[in-house]
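Note sheet for the following structure.
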There are 2 protein chains.
Amino acid sequence: MAQSQATKGLPTAIDLGHHINSKSRARHPSPLKDIIQFMAVDDMVSLAGGLPHPSFFPFKTVTVTASPPTAEGSPCLLELPLDGFLQYGSGTGNAQLRAWCREFTQRVHRPAYADWNVLLHPGNTNAWSKVVGLLCETDDYILCETYTYPSAQAFWIPLGIKAAPVASDAEGMRADTLAQTLRDWEDTHPGTRRPRVLYLVSVGSNPSGVTMSTKRRQDVYDVCIEYDVIIVEDDPYFFLQYPEYDSGDSVTEGPEFVGSDEFLRSLTPSMLQFDHQGRVIRLESFSKTLAPGLRLGYFVANPLFTERLLRATEVETQDPSGLSQALTLRLLQSWGIDGYLGWLQGLGVEYCRRRDWMIDAFSQHFRVVYAAEATGTLVAHLGDVPIFSFVPPTGGMFIWACFNLAQNPAFEQLRHDENVVDPEQVMADQLWRQFAEAKVLLTPGSYYHPWQGPDKVTTNARGATPSTTYFRFSFSMTTQEETERGIARMAQVIRASWKLEQ
Amino acid sequence: MAQSQATKGLPTAIDLGHHINSKSRARHPSPLKDIIQFMAVDDMVSLAGGLPHPSFFPFKTVTVTASPPTAEGSPCLLELPLDGFLQYGSGTGNAQLRAWCREFTQRVHRPAYADWNVLLHPGNTNAWSKVVGLLCETDDYILCETYTYPSAQAFWIPLGIKAAPVASDAEGMRADTLAQTLRDWEDTHPGTRRPRVLYLVSVGSNPSGVTMSTKRRQDVYDVCIEYDVIIVEDDPYFFLQYPEYDSGDSVTEGPEFVGSDEFLRSLTPSMLQFDHQGRVIRLESFSKTLAPGLRLGYFVANPLFTERLLRATEVETQDPSGLSQALTLRLLQSWGIDGYLGWLQGLGVEYCRRRDWMIDAFSQHFRVVYAAEATGTLVAHLGDVPIFSFVPPTGGMFIWACFNLAQNPAFEQLRHDENVVDPEQVMADQLWRQFAEAKVLLTPGSYYHPWQGPDKVTTNARGATPSTTYFRFSFSMTTQEETERGIARMAQVIRASWKLEQ
């Protein structure tokens, strides 16, 4: 009902049925589930279901204590509803929880079309596998960022699917490059189908840390209309948005709490807000906002897509865990939408603090200044030698650092050794091992290379900038002291490797 | 440890790697997960993980009250462990719960080879989708029972996979027919790959209700060795085994409780007990023994297969819900293995009682006698007219009734109407609708027809016995009074349809 009032006057989704792949088209509704409608008839004796009798479920009550949504509140004591949550579900997930997700989506994202739908799923990993199962054919290409989430790729690579990476800058994926990639497709990739799916982590991207700007979102959306591309917005970090880094700011204070509406206005909008055609599939997750162990999230998509995703759900997973659903529903009911928004705002404050810890630690060991030539990029120097550069994130948990190897003597040697095929990668492996031996663990940039086939693996063949390599820094798990210790160790390794004075 | 002691002297699994399909072969370990081993190094500062900080999980304590395992006990108060269960897992599932499943498997199934492994999954629906993803290629055939579980089929049909049904009798799938199907494959299905996977619900089968005998299991296993077939035993009803139906028995008493070892000896063994090569994949589920809403179960399979299934788990689902894992672990720890076996024995008693309610209700409205020609089959007559026949189940929740339409006047008319392509199906649809209008809901047999392609859909083309059709009766959900009412209504419809005196 909230949806129907709020969406008055908005268009309905255009017909995007031609995007549904052959496997998904071939799915029929599970007949066992169809019969359920007859069970509702008054006085019906149903000998049709195959359900275990609920009196044989051993769980009688579940009581949970939970944090208050904000520091002022008192702890919540939650009695979980168990009726219906212990039995088989219908595939859609619990109706009350779905209604909550619908109301929340309307409040937060205000989609630009009327008939969007919501379907629960057991986490974004599974949600992405279902979306590939909905849209992609074997040997397709998927548009993605220059560096992309490896687990998403690991699902699609065995299907013969390849990545079509599109360059990004400090505002996220470039719309002009996206348009060019699509415009030139037949020339650059003769004999292959032009990509129809864009995979996007558009807030605090993993690994790049970048949040796509509002303007860029509009531009990317327009390109996707022009070339009929479906946008899959995998957005677990959406609510971990926070203000820009300010080196003068005291890190202990962090941003101030504001009201829900002001908080929502402070967030970069999701692609849904531009989506007047229904071509965005949003993968929403509670993993980063409540707990990954819930294995719970939801799709927001046009009703044609959610219907096909429901067919896949029936035969691939069924409903998410009933306990996870019951717990999430009860917590969200207890907190209310405004309470949950307060909780989310608090999370942003915490991750912002951690981002600041890390960049401050960089500043203790490097001379960190804004790059002259690239907007919004900080460069960490040792003396006059630029070591690595990064866009300070305004969301998520990651700093994605581009290491400049040009002035590293070991790299210079490698670069002139004709037996070394990919000197950047050899140097990156060496550095990673040296970091690990000095007891600081980073994630190698190579994990995030989009798979473009066996002929496009080296730095050169991938078309990456020569003499560079990437590492991802995660600031979510360490204390301030650990962060400082880790960065100190890394600086030590770098000084030694670059043969700079101690 | 329990495993290594108990399996001393047993062979290890033979190499069945050639069964792994091309997609599964192409899976690489998730690199993000590989890095985890380095995190364990003492004093390591890890900036590598992408995990949300556990201090931001709002759930502090979860307390559950649960039934005692048997009537004599007192209710259990369980404090769930949350540490580790709210965070991302590694894909394998919690180590303690896996160890419990391992110990339980050894105690119950005593597999005939040494190096079997256990991997958690989020329910048998998902487990089966992963097994198809492990073993089957597009356009393969899967061996199954003459009537098979529709949701299993609904997953494989869109992949172009077809069923190769094998006839069953009161002891389950026939080993001789299985051997013949495989022996004659090239003649009967030229140009296709001989089936390599057997899908089996071998206890209280859905829909047939039949439990495969011990002798038949050995014979089927031997055929599968001869033709190099992998057996997938989807066995949610294993612990819902109970004694044979005895019309003289008072239904209210039910079987007596016995000790755990005697209980285990009373159960038909699973295929694992014959599996000295590692060619059985068992899909174990807590859905029918604890609650479906847990979405929790586990694979038992050879280590080559569980490793590949883990790779699929990493990119398709990740660990099952941490709450479901924590709750199940805590309950099973609290009950102990013997307690759980007592609980399972109690379930068998309950489902046995319900089976008896239904067959007794048949006897109130029909003359139910053993068939002369088919061992173990009961036939329900009205007067001298045989209406339906069934094997009284000794496990599970279902009675699978073969309706004999030969003496139904409406069917006679349909059979002589040359415009009617499939008179049995038309008659079945009519009957189902008449039952539903009389307020008794059965599941139509057509739901369980194995999909053999569009040319094998009619009763005739499927090679089914002429003038017969099936309905499935589920006795799990109704009270004794409801069961009686439902069967009375059905009998009324049958009398009218068959034009028999009231």
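Key figures
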| read-out | value |
| --- | --- |
| Test set (1) surrounded by 19 or more Cβ atoms within 10 Å (Cβ to Cβ); (2) out of contact with any Gly (no Cβ under 9 Å at 6 or more places or on another chain) - B:GLN430 fails condition number | (1) |
| Candidates B:ALA170, B:ALA179 - the one that is out of contact with any Leu (no Cβ under 9 Å at 6 or more places or on another chain) and closer than 20 Å to B:PHE471 by Cα | B:ALA170 |
| Unique residue being of a type in the set (Ser, Thr, Tyr) and exposed (fewer than 15 other Cβ atoms within 10 Å of the Cβ) when the list is A:THR12, A:THR63 | A:THR63 |
| Sole residue being of a type in the set (D, E, K, R), within 31 Å of the chain's Cα centre (by Cα), at pLDDT below 90 and closer than 28 Å to A:ILE281 by Cα, chosen from A:LYS8, A:LYS33, A:LYS23 | A:LYS8 |
| Selection count where residues are part of a helix (DSSP H, G or I), buried (at least 19 other Cβ atoms within 10 Å of the Cβ) and not aromatic (Phe, Trp, Tyr), scope the stretch A:107-128 | 6 |
| Filter pass, B:ASP429 being in a loop (DSSP other than H, G, I, E, B) and farther than 29 Å from B:PRO236 by Cα | no |
| Positions within the stretch A:148-171 being out of contact with any Asp or Glu (no Cβ under 9 Å at 6 or more places or on another chain) and within 13 Å of chain B (Cβ to nearest Cβ), in sequence order | A:THR148, A:PRO150, A:GLN153, A:ILE157, A:PRO158 |
| Criterion: farther than 24 Å from A:TYR199 by Cα, buried (at least 19 other Cβ atoms within 10 Å of the Cβ) and in contact with a Gly (Cβ under 7 Å, 6 or more places away or on another chain) - qualifying residue of A:MET397, A:MET477 | A:MET477 |
| Criterion (touching a residue at least 40 places away in the same chain (Cβ under 8 Å), surrounded by fewer than 18 Cβ atoms within 10 Å (Cβ to Cβ) and within 30 Å of B:ALA95 (Cα to Cα)) met by exactly one of B:ASP319, B:ASP338 | B:ASP338 |
| Residue count, the stretch A:129-149 (criterion: of a type in the set (A, V, I, L, M) and assigned to a helix (DSSP H, G or I)) | 4 |
| All positions within the stretch B:378-425 that are under 20 Å from A:ALA48 (Cβ atoms) and among the β-branched types (Val, Ile, Thr) | B:ILE387, B:VAL391, B:ILE399 |
| Test: residue in the stretch A:113-120 that is within 14 Å of chain B (Cβ to nearest Cβ), in contact with a Ser or Thr (Cβ under 6 Å, 6 or more places away or on another chain), within 21 Å of B:ASN126 (Cβ to Cβ) and among the aliphatic types (A, V, I, L, M) | no |
| Residue within the stretch A:88-102 that is facing chain B (nearest Cβ under 7 Å) and crowded, with 20+ Cβ neighbours inside 10 Å present | yes |
| Output for the stretch B:157-173, where each listed residue is surrounded by fewer than 24 Cβ atoms within 10 Å (Cβ to Cβ) and free of Cβ contacts under 8 Å to residues at least 40 places away in the same chain | B:PRO158, B:LEU159, B:GLY160, B:ILE161, B:ALA167 |
| Members of the stretch B:459-472 found to be within 12 Å of chain A (Cβ to nearest Cβ) and closer than 30 Å to B:THR188 by Cα, listed by number | B:PHE471 |
| Subset of the stretch B:377-409 [small (Gly, Ala, Ser) and in contact with a helix residue (DSSP H, G or I) (Cβ under 6 Å, 6 or more places away or on another chain)] | B:ALA380 |
| Subset of the stretch B:286-344 [part of a loop (DSSP other than H, G, I, E, B) and small (Gly, Ala, Ser)] | B:SER287, B:ALA291, B:SER321 |
| The stretch B:439-458, subset within 9 Å of chain A (Cβ to nearest Cβ) and touching a residue at least 60 places away in the same chain (Cβ under 8 Å), residue nearest to A:GLN37 (Cα to Cα) | B:THR443 |
| Among residues of the stretch A:34-52, those that are crowded, with 18+ Cβ neighbours inside 10 Å and not aliphatic (A, V, I, L, M), counted | 4 |
| Top-ranked residue in the stretch B:314-348 [being more than 9 Å from chain A (Cβ to nearest Cβ) and among the charged types (D, E, K, R); ranked as nearest to the chain's Cα centre (by Cα)] | B:ASP338 |
| Tabulated pairs, the stretch A:473-489, first closer than 19 Å to B:PRO54 by Cβ and more than 9 Å from chain B (Cβ to nearest Cβ), second at pLDDT 95 or above and assigned to a helix (DSSP H, G or I), C-beta under 7 angstrom, 6+ apart or interchain | A:GLN480/A:TRP357 |
| Residue in the stretch A:400-416 that is in contact (Cβ under 8 Å) with a residue 12 or more places away in the chain and within 13 Å of another protein chain (Cβ to nearest Cβ) present | yes |
| Tabulated pairs, the stretch A:211-239, first aromatic (Phe, Trp, Tyr), second assigned to a strand (DSSP E or B), C-beta under 6 angstrom, 6+ apart or interchain | A:TYR237/A:GLY395 |
| Residues within the stretch A:53-78 that are outside any loop (DSSP other than H, G, I, E, B) and either at the interface with another protein chain (Cβ under 7 Å from one of its Cβ atoms) or in contact (Cβ under 8 Å) with a residue 60 or more places away in the chain (or both), tallied | 11 |
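Per-residue answers, yes or no, for (1) surrounded by 24 or more Cβ atoms within 10 Å (Cβ to Cβ); (2) more than 14 Å from every other protein chain (Cβ to nearest Cβ); (3) modelled with pLDDT under 95:
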| residue | (1), (2), (3) |
| --- | --- |
| A:GLY248 | no, yes, yes |
| A:GLU256 | no, yes, yes |
| A:LEU264 | no, yes, no |
| A:MET271 | yes, yes, no |
| A:HIS276 | no, yes, no |
| A:ARG282 | yes, yes, no |
| A:ALA291 | yes, no, no |
| A:LEU296 | yes, no, no |
| A:PHE299 | yes, yes, no |
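The values are calculated or read from the model by the stated rules, or taken from the named source; none is laboratory data. Only a predicted model underlies this, so the values are computations on that prediction, with no experimental measurement involved. Reconstructed Cβ throughout: ideal geometry from the backbone, glycine too, with neighbour counts over all protein chains shown.
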